[in-house]
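S.K.: Below: one structure in structure tokens.
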Amino acid sequence: MDTSGTSFLFKCDREFNILHTFWYHPVHLLSPFQKVLTALFSPADMERIAGMAQKALSGKNLLLCEGGFSIASQEAGVCLCVTATGDTILIHGHDDYLRDGDPAAAVLRDTIHRFMDVVKASDTDFMTGSDTVIREQFEKIQKLNSDLVNTQRQLKKANSALNRLNQDLNNRLVRDALTGLVSRYQYRQEIELAISRAPEKRGIFTFVDLDDFKRINDTYGHAAGDRYLKEFADRLGRLPFDSLICMRIAGDEFGIYIHGYGTVEKEDIRAVWDRMKELVMNRPVQLGDDVQEKIFCSAGMAVYGRDTENVYELIECADFAMYEAKKSGKNSFSEFDPERYRKAKASPD
């Protein structure tokens, strides 16, 4: 699971409050609720960053670059370039592996230096928050270094991640409006909070996809489809597990997370599916006076503390297992298999 490709550009004040986010990658690098740069780094790293910022703010038109910083949330190493304009600080970060010893390091450092010079020279345009201007300026710098294919790919991903995040922020809700479950914009934080209360424990994430839900909408209309989703969500929320978090991920995709296991065996994973069959899929949903539809779904399970200790990867693992269940005939469950996952990732198909 790839944790490389870290890059970002922030505008901060003297207290390291983030005034403007130009971009960052990966998308989970910074929570929408984090407004201070100190959330990304350890106190020791922040002491070094503060020293760089103080020099940059000295009015000597300095551009400072240092490596060896660590992103606390994902254990990723980054180099930082810091410069100042007025009372604000521009901080650019990129992968640490392109530091000393890498043949591309000198070229990349020169590219970043010129890029930061463009940022300062175009201060009025950049500080308006115009993502279009940022993208255009950065593309000019990329053209100077066509041989740095990997860097180009990372920056394109960063722009895409920024667009997705902006869309999420504009529509952020803590609770899903239709079902009342934890929404897609909040569920990762809810899971992380549950883990933080007992970090030594394990948990089971179940990715659930309703089978053939499109047929419900096409046959009975979207109002009936909404009733079907609401009833399904209500039943999920009544599952008798401690520390249960139920969420609507998107459309007809749902998730449940149960934290607090000392160990997780196959019997524990089977128990989640058996409870779903017993309490969620045991009876049809009433869509009208004479209309009933049974619930069929496919589920994939992954284990926090065994398959991964990263929430984003945990959801990806469970999602992969769910599609394995779909391929095996639907209305069934599958436990995450790391070997099948590696083979699927390696396959060109």
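S.K.: For the stretch 39-50, indicate whether the set of residues that are at pLDDT 90 or above, open to solvent by less than 60 Å² (accessible area, probe 1.4 Å), under 30 Å from Tyr185 (Cα atoms) and assigned to a loop (DSSP other than H, G, I, E, B) is non-empty.
M.R.: No, there is no match, as no residue in the stretch 39-50 is at pLDDT 90 or above, open to solvent by less than 60 Å² (accessible area, probe 1.4 Å), under 30 Å from Tyr185 (Cα atoms) and assigned to a loop (DSSP other than H, G, I, E, B).
S.K.: Then there's this: So which residues in the stretch 254-287 are out of contact with any Lys or Arg (no Cβ under 9 Å at 6 or more places or on another chain) and part of a strand (DSSP E or B)?
M.R.: Matches in the stretch 254-287: Ile256, Tyr257, Ile258.
S.K.: Select from the stretch 181-201 the residues that are more than 28 Å from Lys327 (Cα to Cα) and among the polar types (S, T, N, Q) and write down the one among them that is most open to solvent (accessible area, probe 1.4 Å).
M.R.: Ser196
S.K.: Right, another one. Just checking, does the stretch 202-213 include any residue being at pLDDT below 95 and open to solvent by 70 Å² or more (accessible area, probe 1.4 Å)?
M.R.: yes
S.K.: Out of the stretch 307-340, which residues are in contact (Cβ under 8 Å) with a residue 24 or more places away in the chain, among the basic types (Lys, Arg) and either part of a loop (DSSP other than H, G, I, E, B) or open to solvent by 70 Å² or more (accessible area, probe 1.4 Å) (or both)?
M.R.: Matches in the stretch 307-340: Lys330 only.
S.K.: Scan Val280, Val272 and give me the residue that is touching a residue at least 60 places away in the same chain (Cβ under 8 Å), under 28 Å from Arg215 (Cα atoms) and either in contact with a strand residue (DSSP E or B) (Cβ under 9 Å, 6 or more places away or on another chain) or surrounded by fewer than 16 Cβ atoms within 10 Å (Cβ to Cβ) (or both).
M.R.: Going through Val280, Val272 in turn, the sole match is Val272.
S.K.: For residues that are surrounded by fewer than 20 Cβ atoms within 10 Å (Cβ to Cβ) and either closer than 21 Å to Asp45 by Cα or out of contact with any helix residue (DSSP H, G or I) (no Cβ under 9 Å at 6 or more places or on another chain) (or both), scanning just the stretch 77-95, find the one that is modelled with the highest pLDDT.
M.R.: Ranking the qualifying residues of the stretch 77-95, first place goes to Thr88.
S.K.: Given the criterion open to solvent by less than 70 Å² (accessible area, probe 1.4 Å), in a helix (DSSP H, G or I) and in contact with a helix residue (DSSP H, G or I) (Cβ under 6 Å, 6 or more places away or on another chain), identify the matching residue among Ile245, Ile216.
M.R.: Answer to the selection: Ile216.
S.K.: Of all residues in the stretch 286-306, count the ones that are surrounded by fewer than 19 Cβ atoms within 10 Å (Cβ to Cβ) and either at pLDDT below 95 or more than 16 Å from Ile269 (Cβ to Cβ) (or both).
M.R.: Going through the stretch 286-306 one residue at a time, the tally reaches 8.
S.K.: Among (1) of a type outside the set (S, T, N, Q); (2) at pLDDT below 95; (3) crowded, with 19+ Cβ neighbours inside 10 Å; (4) farther than 17 Å from Leu178 by Cα, where does Val264 come up short?
M.R.: (2) is the only condition that Val264 fails.
S.K.: Which residues, taken from the stretch 17-31, are open to solvent by 20 Å² or more (accessible area, probe 1.4 Å) and over 16 Å from the mean Cα position of the chain (by Cα)?
M.R.: Asn17, Ile18, Leu19, His20, Thr21
S.K.: Can you pull out the residues in the stretch 172-201 that are at pLDDT 90 or above, among the β-branched types (Val, Ile, Thr) and part of a loop (DSSP other than H, G, I, E, B)?
M.R.: Listed by number, the list holds a single entry, Thr179.
The values are calculated or read from the model by the stated rules, or taken from the named source; none is laboratory data. It should be emphasised that the depicted structure is a prediction, and the values quoted were computed from it without experimental measurement. Virtual Cβ from ideal backbone geometry, glycine too; neighbours counted across all protein chains shown. Just so you know, the surface numbers come from the protein's heavy atoms only, side chains and all, with ligands and any DNA or RNA stripped out. Shrake-Rupley method; radii C 1.70, N 1.55, O 1.52, S 1.80 Å.
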